[in-house]
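Written below as structure tokens is the structure these notes are about.
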Amino acid sequence: MMIGLAKGASRSTLLLVANASRRLPMRGLLHSEGYRPLFSGHETFALRQLWLKKAVDAVGHGVHSNRAPSGGAGRGRTKNVFSEDSAIVALGVGKNMVGSIRHWATACDVLADVDGLPVPTAFGGRVFGEGGLDPYSEHPSTLWLVHWKLAGGWAVHRTHRSTTWYWVFNHIHEQSFSAKTLLKSLDEYARERGGKLSAATLKRDIEVCMRCYVDRSETNSVDDFADSMLGELGLISVQSRDEYALRRGPKSTLSDGAFLYALTEFWQAFAPEQSTLSFETIAYEIGSPGRVFKLDEDSVAARLIALDSLTKGAFLWSDSAGLRQLIRTKPLNLDTALEFAYAH
């Protein structure tokens with residue numbers, strides 16, 4: 001059953017989505033040939049607001065506050081700053097949290113390994129680096145883009161460490177779900193991919209995923225949820241101790257620019273040679289912005305219409321003869337799209 005269709009959706013649209021829903025579990029990032037599922041690395045710590053900046057600072061300056069040479073981030077360093085004992089003092093956290101910070105920075109596409117050393121990615125440096133667009137994660141677009149990095153996209157183009165996050169926002173078709181059924185689904189998936197995990201490992205990963213998104217006002221466990229970075233997005237609500245619900249509909253804090261960035265990254269991987277992308281693909285395909293941001297049809301359509309003005313005609317919305325699609329009239333790179341995300 002597909003939840004979140006706009007009122008008055010045609011029967012053909014309903015059938016299209018229903019049929020796509022049956023195909024989707026075998027598509028997308030998690031079922032691509034080169035993908036390796038990962039259900040650990042966070043040391044059971046949910047992502048905290050300042051950790052991504054801490055990661056970029058540690059790599060950019062080194063744990064001894066030595067700037068990398070101007071030739072490039074990380075050059076001249078022969079040690080992994082996260083493995084040095086001084087990282088505990090420099091980052092101001094415990095040993096397990098040092099590992100967690102590196103995990104989250106990699107999972108969020110903020111850091112990448114180059115020759116065995118962590119270096120800022122284009123996204124990480126532009127947002128969280130010195131003079132970055134939003135180093136302290138105060139802008140709503142940062143939260144949405146971090147969520148996108150964890151749960152969105154199509155192809156394997158980087159190290160993706162958040163299998164459970166991607167599964168929750170792309171492979172759960174019902175509005176409500178339980179931690180028990182999610183654990184069963186992930187266990188079956190992991191076995192199909194040739195992996196063997198303990199129930200305890202999967203259970204911890206699911207708990208951390210839920211802690212990342214559930215707003216602190218919905219739980220009595222203040223310590224666990226107080227520093228959750230993504231709780232403000234309102235994407236998951238608590239129904240009971242073991243039951244959760246995905247919140248579909250308009251997202252008032254999601255800017256058209258952040259939506260554009262996600263769409264651009266998705267398009268580049270999903271259909272790089274195509275100059276058009278159908279409405280259904282943008283709204284419902286695995287790893288698409290509409291699906292990952294849990295937008296309803298009306299919300300997706302409104303944002304696609306707005307892209308004409310935002311991109312000055314680089315993206316044009318077309319709705320003729322019953323065919324709804326977005327037309328790309330000229331290339332738009334991710335750096336430009338990122339600027340749009342923080343324009344207001």
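Values computed for the structure shown
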quantity	calculated
Accessible-area value, Arg328, 1.4 Å probe, nucleic acids and ligands omitted, Å²	50
Calculated FRET efficiency for the pair Lys196/Asp242, C-beta based, R₀ 22 Å, to 0.05	0.35
Full-stretch length increase - Lys180, Ser320 - with 0.36 nm per residue and alpha-carbon distance subtracted	45.9 nm
Residues Tyr35 and Lys330, FRET efficiency given R0 of 25 Å [Cβ-Cβ distance, rounded to 0.05]	0.20
13 Å reach of a label modelled at Ala306, 7 Å along Cα-to-Cβ, counting backbone N of region 116-142	141
Exposure ranking of Met97, Met229, Met26 by accessible area [1.4 Å probe, largest first]	Met26, Met97, Met229
Cut-off under 5 Å, modelled amide H: who pairs with Leu38 long-range	Thr163
Region 90-175, accessible surface, carbon-and-sulfur percent (1.4 angstrom probe)	51
Relative contact order [Cα under 8 Å, 6+ residues apart], region 197-344, whole percent	21
Student exercise, region 169-315 dipole from Lys, Arg, Asp, Glu Cβ charges, in Debye to nearest 20	300
Residues with amide H under 5 Å from that of Ala112, placed H, sequence gap 5 or more	Val119, Thr121
Per-residue ³J(HN,Hα) for region 306-313, Karplus 6.51 cos²θ - 1.76 cosθ + 1.60, θ = phi - 60°, Hz, x for Gly and Pro	5, 5, 4, 5, 4, 9, 6, x
Entries in Lys95/Lys149; Lys54/Lys149; Lys53/Lys203; Lys95/Lys184; Lys53/Lys149 that, when Cα-Cα distance is taken, lie over 21 Å	Lys95/Lys149; Lys53/Lys203; Lys95/Lys184
Solvent-accessible heavy-atom area per residue, rounded to whole Å², over region 147-305 at 1.4 Å	40
Per-residue ³J(HN,Hα) for region 45-53, Karplus 6.51 cos²θ - 1.76 cosθ + 1.60, θ = phi - 60°, Hz, x for Gly and Pro	9, 6, 5, 10, 4, 9, 5, 5, 5
Whether region 169-296 is rounded, prolate or oblate, judged on the alpha carbon gyration tensor where a/c under 1.5 counts as rounded	oblate
Residue-span extension gain [Arg204 to Leu50] - 0.36 nm each, minus C-alpha spacing	53.2 nm
Förster-model FRET efficiency, 25 Å R0, Met26 and Lys95, C-beta, rounded to 0.05	0.05
Amide H partners (placed H, <5 Å) of Thr276, local residues excluded	Arg328
Vicinal HN-Hα couplings computed from phi for region 278-285 (Karplus, 6.51 cos²θ - 1.76 cosθ + 1.60; Hz; Gly/Pro x)	6, 4, 4, 5, 5, 8, 10, 5
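The values are calculated or read from the model by the stated rules, or taken from the named source; none is laboratory data. The shown structure was predicted, so the numbers you read here are calculated from the model rather than taken from an experiment. We place every Cβ from the backbone using ideal geometry, glycine too, and count neighbours over all the protein chains shown. Protein only, heavy atoms only, side chains kept; ligands, DNA and RNA dropped before computing areas. Shrake-Rupley method; radii C 1.70, N 1.55, O 1.52, S 1.80 Å.
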